[in-house]
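Some notes on the structure that comes next.
What follows draws every value from the coordinates through simple rules; no lab data is involved. As the structure is a computational prediction, the values presented were derived from the model and not from experiment. Using ideal geometry, Cβ is built from the backbone for each residue, glycine included, and neighbour counts are taken over all protein chains shown.
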C-alpha cells in the first residue's frame with residue numbers, strides 16, 4: 001500500500017536512476033506503445049522522367065515520375081511516418097538530362113518529397129560546376145561520407161550524414177560512394193578525394209550509434225551489390241561493418257525480389273535492399289519499433305511501377 005512517505009522515496013529513487021542513465025525514459029511508456037517507420041527508396045533512376053516508350057520492349061509503359069509520385073502519395077495516406085531516399089545516379093540516360101543538364105530531375109524529386117540522396121558516379125557527369133549549380137535547388141539532403149570535397153568548390157555543400165526524428169525514432173542516414181577513378185573523367189571530379197568506404201562507414205556508423213544516439217542507422221551505398229573479384233561491394237560492406245541496420249544499394253541495377261540478410265562483424269543482422277534502375281521499382285520496408293524492446297519487425301514490398 002502506497003503512502004505519501006513511500007511515494008516520495010520511490011520518486012526520489014526513480015529521479016536518481018533517470019539522472020544517472022540507469023533507468024531509460026522509455027521504460028515509463030506502455031509496452032504496447034510502438035511506431036511504424038516506412039522506408040521508401042530508389043536508385044539509378046537515370047533521368048527516366050517519362051515511362052518507357054510503347055515500342056515493344058519488355059519495359060514498355062512502365063516507370064515514369066508521375067506513376068511513382070502517385071504510388072508514393074498512396075503510401076503516405078497509409079502512414080505519414082516515412083523516409084524517402086535515393087541511392088544515386090539521379091542523372092544521365094534520357095534526353096531530359098541532355099537538354100536540361102540535371103534541373104528537371106531535382107524538381108521532380110522535390111515534388112515527391114525525397115528526404116535524402118547520395119552521389120552516384122553519373123552525378124558527376126556535368127562536373128563539379130554542374131553539381132554546385134543545381135544542389136541549392138534540391139530540397140533534400142545530398143549525403144556522402146567517403147568523398148573529401150575540402151579542396152573543391154563543393155566544400156561545405158555535401159554532408160556526410162543526417163539525422164531524422166521520425167515519431168520518436170532517431171534515424172541516422174549516411175552515404176558511401178564508389179571509387180570515381182576509372183568511372184568518371186578526372187576533369188569532372190577534380191580534387192575530390194576517395195576514402196576507404198569500409199573504414200569510413202565504420203567511423204560514421206559508430207558515431208551515429210554511440211555518440212549521437214541513433215536508434216536506427218541506414219547507409220546509402222553506391223558501391224554495387226557484389227562482384228566476382230574482391231572489389232568492395234554492398235555484400236562486403238554488410239559483413240565488414242558494425243552498427244548499420246540497413247544498407248540501400250545502387251550502381252549495379254540489381255532488382256531485389258526481397259531484402260537480403262547478412263551478419264555484420266558483431267554477428268548482428270544487417271539488411272540489404274536494391275531497387276533495380278530507371279525508376280521501374282520502388283523499394284519499401286516497414287519497420288515496427290517497440291518502445292520497450294530493441295527488436296525491429298519489418299515487412300517489405302519491392303514494387304514494379306506501372307506493371308499490370
Pick from the range 288-308 the residues that are assigned to a loop (DSSP other than H, G, I, E, B) and free of Cβ contacts under 8 Å to residues at least 60 places away in the same chain: which of them is surrounded by the fewest Cβ atoms within 10 Å (Cβ to Cβ)?
308
For residue 107, state whether it is surrounded by fewer than 19 Cβ atoms within 10 Å (Cβ to Cβ) and either free of Cβ contacts under 8 Å to residues at least 12 places away in the same chain or within 19 Å of residue 255 (Cα to Cα) (or both).
no
Inside the range 67-91, can you point out the residues that are touching a residue at least 60 places away in the same chain (Cβ under 8 Å) and over 24 Å from residue 167 (Cα atoms)?
67, 68, 88, 89
Of the numbered conditions (1) over 22 Å from residue 109 (Cβ atoms); (2) crowded, with 19+ Cβ neighbours inside 10 Å; (3) under 16 Å from the mean Cα position of the chain (by Cα), residue 284 fails exactly one; give the number of that condition.
(1)
Selected residue (only one of 223, 265, 246 is crowded, with 20+ Cβ neighbours inside 10 Å and farther than 22 Å from residue 164 by Cα)
223
